């Protein structure tokens, strides 16, 4: 074989190898599955097997496009690269599993991704992406009996306005008209609303699966909007106006309007032994304030990423609710505290509160979600651990 022929063949081989490499790179970029949170027919955001996410948007007149979002997406914003026909794309590092809010920054203006469904977070409709956790399905829809999430409108005597609560009824609620059920009042966080737990949190599937497996008691779950202003007050608290904005008015809504409406409308077990309250972040703080001031109304308490910050004195906090450990332990069937290992401030606070209470002889449960931050995967796990502990017979 001549030297010229050998060089020609070598060149062909290199071209073929280069083409194969480009094909492999293209396949690597294209492999993955559209996120379940995409609008119908949208391929992007695309979730890769290693949990990298490829975002793509068409913005032919834009000069700079970025993706920004919750902690679980990684340290952003992520700058997108312009391709043919004004298509911008970026692939992020592997994300933390779970649900994450995100938005696009197009020439500095925050906009939602037209390829994604929107969810109420950050005080407004916001894009979201669901990143699957390998081998985890406790919050997925399964082939088990399903309950229903029903919207219930009621007029509040406290606010003078109509309000909407979402109510989960367990799978056998309509089939067993003589049965009465315990109730969990479950609150969202700041910037979210009464839709959060069923839409972002998938609480209905979590409860369906736990009830079907015999791990949780059938129960009603009531989710209300955690903001309120008294009738005649100037303006209502905004969705992002502070961790306890409107808590005093909301406390009255819960006690004077919501609980009586639920007990008169649904087949509840209306005594304190069968009534629980829990919440995440802002909702966790509201839960502590409302339940500990009204232990004649609630017997089970859950605080998800919403513990106290600063100095805590068990003898004086919450009107002295913890001042008599024996009486507290007799009244409160469950005090559950937890947070994600990735939300340092919250997990330290929850652990410190748990340890302070334990030193005073007050029983509580502390659970740390490994590898998750101040996001919905932490709170899904919290509900999954909390719900099976509710309304159990006293030993």
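Summary of computed values
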read-out: Helices (runs of 4 or more DSSP H) wholly inside the range 275-376 that include at least 2 residues being within 21 Å of the chain's Cα centre (by Cα) and in the same structural domain as residue 97 (by TED's automatic domain parsing); value: none
read-out: Selection count where residues are in contact (Cβ under 8 Å) with a residue 40 or more places away in the chain and either under 22 Å from the mean Cα position of the chain (by Cα) or farther than 16 Å from residue 46 by Cβ (or both), scope the range 74-91; value: 0
read-out: Subset of the range 307-326 (residues that are at pLDDT below 90 and buried (at least 21 other Cβ atoms within 10 Å of the Cβ)); value: 307
read-out: Test result for residue 168, farther than 16 Å from residue 195 by Cβ, in contact with a strand residue (DSSP E or B) (Cβ under 8 Å, 6 or more places away or on another chain) and in a strand (DSSP E or B); value: no
read-out: Residue in the range 374-385 that is free of Cβ contacts under 8 Å to residues at least 60 places away in the same chain and touching a strand residue (DSSP E or B) at 6+ places or on another chain (Cβ under 6 Å) present; value: yes
read-out: Number of the condition not met by residue 56 [criteria: (1) outside any strand (DSSP E or B); (2) surrounded by fewer than 22 Cβ atoms within 10 Å (Cβ to Cβ); (3) touching a strand residue (DSSP E or B) at 6+ places or on another chain (Cβ under 6 Å)]; value: (1)
read-out: Residue selected from the range 107-118 under the condition over 19 Å from the mean Cα position of the chain (by Cα) and part of a loop (DSSP other than H, G, I, E, B), by the criterion surrounded by the fewest Cβ atoms within 10 Å (Cβ to Cβ); value: 108
read-out: Hey, residue 211 under 17 Å from residue 385 (Cα atoms) and out of contact with any helix residue (DSSP H, G or I) (no Cβ under 8 Å at 6 or more places or on another chain) or not; value: yes
read-out: Test: residue in the range 142-151 that is at pLDDT 95 or above, buried (at least 17 other Cβ atoms within 10 Å of the Cβ) and in contact with a strand residue (DSSP E or B) (Cβ under 7 Å, 6 or more places away or on another chain); value: yes
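Residue-wise test of (1) surrounded by 17 or more Cβ atoms within 10 Å (Cβ to Cβ); (2) farther than 15 Å from residue 67 by Cα; (3) at pLDDT 95 or above.
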{"residue": "98", "(1), (2), (3)": "yes, yes, yes"}
{"residue": "101", "(1), (2), (3)": "yes, no, yes"}
{"residue": "105", "(1), (2), (3)": "yes, no, yes"}
{"residue": "120", "(1), (2), (3)": "yes, yes, yes"}
{"residue": "127", "(1), (2), (3)": "yes, no, yes"}
{"residue": "132", "(1), (2), (3)": "no, yes, yes"}
{"residue": "137", "(1), (2), (3)": "no, yes, yes"}
{"residue": "167", "(1), (2), (3)": "yes, yes, yes"}
{"residue": "175", "(1), (2), (3)": "no, yes, yes"}
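The values are calculated or read from the model by the stated rules, or taken from the named source; none is laboratory data. Please read all numbers here as calculations on a predicted model, not as lab measurements. As a convention, Cβ positions derive from the backbone with ideal geometry for all residues, glycine included, and neighbour counts pool all protein chains shown.
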